[in-house]
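Below is one structure, written out as structure tokens; comments come after it.
The values are calculated or read from the model by the stated rules, or taken from the named source; none is laboratory data. Because the structure is predicted, anything quoted here is derived from the model rather than measured. Please note: Cβ atoms are built from the backbone with ideal geometry, for glycine as well, and neighbour counts cover all protein chains shown. Note: accessible area is taken over every heavy atom of the protein model, side chains too, but ligands, DNA and RNA are not part of it. Shrake-Rupley method; radii C 1.70, N 1.55, O 1.52, S 1.80 Å.
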Amino acid sequence: MKSIIKRSASVIVCVVLIVVSSVFSIPGKSLTTAEKNKLNSDISKLQKESAQIQREINSIKAKKNDQQAIVNAYQRQIANTQAQINRCNAEIYSMNAKISANKKKMSDKQAQIDADKLKFQKRIRAIYMSNIDSNVKILLSADNFAESLQASQLTASISAKDKQLMERLAGEIEDLNKLNADNQKIIDSQVSIRATIQKKQDELAAQERAAASVLGGIVSEQNSAQADKNKVDKEIRAKQKQLEDSIQRNSANYAPFINLANNLQWPVNGFRKISAGFQSNDSVHRGHHNGIDIAGSGIQGQPIRAIADGYVTTVSNSCSHNYKKYGNCCGNGYGNYCVINHGKIKGATYVAYYAHAQRIIVGNGAHVKQGQVIGYVGTTGWSTGYHLHLGVLRNGSWINPYPLFF
């Protein structure tokens, strides 16, 4: 790519120096044949440089497509990592819900224990006041209520109802301890899960950076190449415009021809050579030529004029390959072209195609007048030389345009 850019820059600099210093030093000066040839040669070189850069751009795009597959893999990996994080967060949420439920149970259980404990203490106090057993003193003075229940020897001297109350209290205290232990276990598990989430988030950030960097370099390379091509194409357009301006100044030598029978104007003043006729059966067209090719020495860059008033319905200026080709490259073979609906003439509707132009200078939807310049003769699309392809539809069917004029 660097070598291409250097070659493009060197060609541009040379052309600019030559053209500025000699050819166009006098505003409005007409070009000699040698100067035209030199300018055409420079344009051709620049066009080839532009085409080469375009091939490089296409290659970069293909490379970008390959890299996109890698990016897609990263994106699938990113999605998988995010899904793992989401699952971990869902598990944390579920655990928090269980902790909250356990706390509610613990609160309810503690309230029940407090109520039963108060009831039991009242019962023991009643037994003590009745002097049923001196062991009650031991029970009331114990530090650990649960151990006192288990160690107490009062069970032999109190009623079955008292025993049932004691057993229920002991069970409730055991349940409370289990709930508390369960919550602590869940909290410990959450610590591990949160560490996993942090690890996955770090992986996610790394994967996203990797995906961005894969395309970053390719995009930068593509933008750089496109900028170089834009510079070359701008220089091409400038030189083509200079050539067209010179031809335009000389076009006064060619008088327009209008067929008075139908008031249609010949599209290229002064050039009537037909290099390929309607339905030409030559090696290129093989009987499938839906128009006529207007050619001749010096036709390159000549103004293309509207054969009648009309509205532009189609404009295509996307073809930059303005040199001989032996196959279709763009514009469905037409290269740079426009279509003009000329409306009704002598009771029939006419639509004309003007193809293979260096460029079209009217916009889609524009209203044009007869004889107005709509573009300049080129050799874009499937074209083996400079010429204007004129195709005409009459009431929707292709016809031979030549008899409309001569």
When both residues are 6+ apart or on different chains and their Cβ atoms are under 6 Å apart, which pairs have a first residue that lies in the range 35-47 and is farther than 9 Å from ILE236 by Cα and among the hydrophobic types (A, V, I, L, M, F, W, C), and a second that is open to solvent by less than 10 Å² (accessible area, probe 1.4 Å) and at pLDDT below 75? LEU39/LEU243
Test SER246 against the stated conditions and say whether it is at pLDDT below 75 and open to solvent by 30 Å² or more (accessible area, probe 1.4 Å). no
Only one of (1) at pLDDT below 90; (2) open to solvent by less than 50 Å² (accessible area, probe 1.4 Å) does not apply to VAL284, and that is (2)
Quick one: in the range 375-384, which of the residues that are open to solvent by less than 50 Å² (accessible area, probe 1.4 Å) and of a type in the set (S, T, N, Q) is farthest from ASN332 (Cα to Cα)? THR379
So which residues in the range 362-391 are in contact with a helix residue (DSSP H, G or I) (Cβ under 7 Å, 6 or more places away or on another chain) and assigned to a strand (DSSP E or B)? TYR376
Tell me yes or no: at least one residue of the range 297-309 is open to solvent by less than 50 Å² (accessible area, probe 1.4 Å) and over 25 Å from GLN242 (Cβ atoms). yes
Single residue of the range 333-350 satisfying the filter (crowded, with 19+ Cβ neighbours inside 10 Å and of a type in the set (A, V, I, L, M)) that is farthest from ASN317 (Cα to Cα): ILE340
Only residues that are among the acidic types (Asp, Glu) and touching a helix residue (DSSP H, G or I) at 6+ places or on another chain (Cβ under 7 Å): list them for the range 168-211, please. GLU172, ASP175, ASP182, GLU203, GLU208
Of everything in the range 254-281, what is out of contact with any Ser or Thr (no Cβ under 9 Å at 6 or more places or on another chain) and of a type in the set (Lys, Arg)? Give them in sequence order. ARG272
Kindly list, by first and then second residue, each pair from a residue in the range 319-339 that is under 14 Å from TYR386 (Cα atoms) and hydroxyl-bearing (Ser, Thr, Tyr) to a residue that is open to solvent by 30 Å² or more (accessible area, probe 1.4 Å) and assigned to a loop (DSSP other than H, G, I, E, B), limited to pairs with Cβ atoms under 7 Å and residues at least 6 apart or on different chains. TYR326/THR384
Restricting the range 385-406 to residues that are touching a residue at least 24 places away in the same chain (Cβ under 8 Å) and more than 22 Å from GLY270 (Cβ to Cβ), which is surrounded by the fewest Cβ atoms within 10 Å (Cβ to Cβ)? GLY396
For the range 320-327, state whether one or more residues are surrounded by fewer than 22 Cβ atoms within 10 Å (Cβ to Cβ), assigned to a strand (DSSP E or B) and out of contact with any helix residue (DSSP H, G or I) (no Cβ under 9 Å at 6 or more places or on another chain). no
Out of GLY301, GLY363, which single residue is under 31 Å from the mean Cα position of the chain (by Cα), more than 18 Å from LEU393 (Cα to Cα) and not aliphatic (A, V, I, L, M)? GLY363
Considering (1) assigned to a strand (DSSP E or B); (2) buried (at least 20 other Cβ atoms within 10 Å of the Cβ), say which one THR313 fails and leave the rest. (2)
Identity of the residue in the range 164-181, charged (D, E, K, R) and modelled with pLDDT under 75, that ends up least open to solvent (accessible area, probe 1.4 Å): GLU172
The listed residue being open to solvent by 20 Å² or more (accessible area, probe 1.4 Å) and of a type outside the set (A, V, I, L, M), out of GLN358, GLN372: GLN372
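Residues checked against (1) modelled with pLDDT of 75 or more; (2) loosely packed, with under 12 Cβ neighbours inside 10 Å:
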site	(1), (2)
GLY28	no, yes
THR32	no, yes
LYS48	yes, no
ALA51	yes, no
ILE57	yes, no
GLN68	no, no
ASN102	no, no
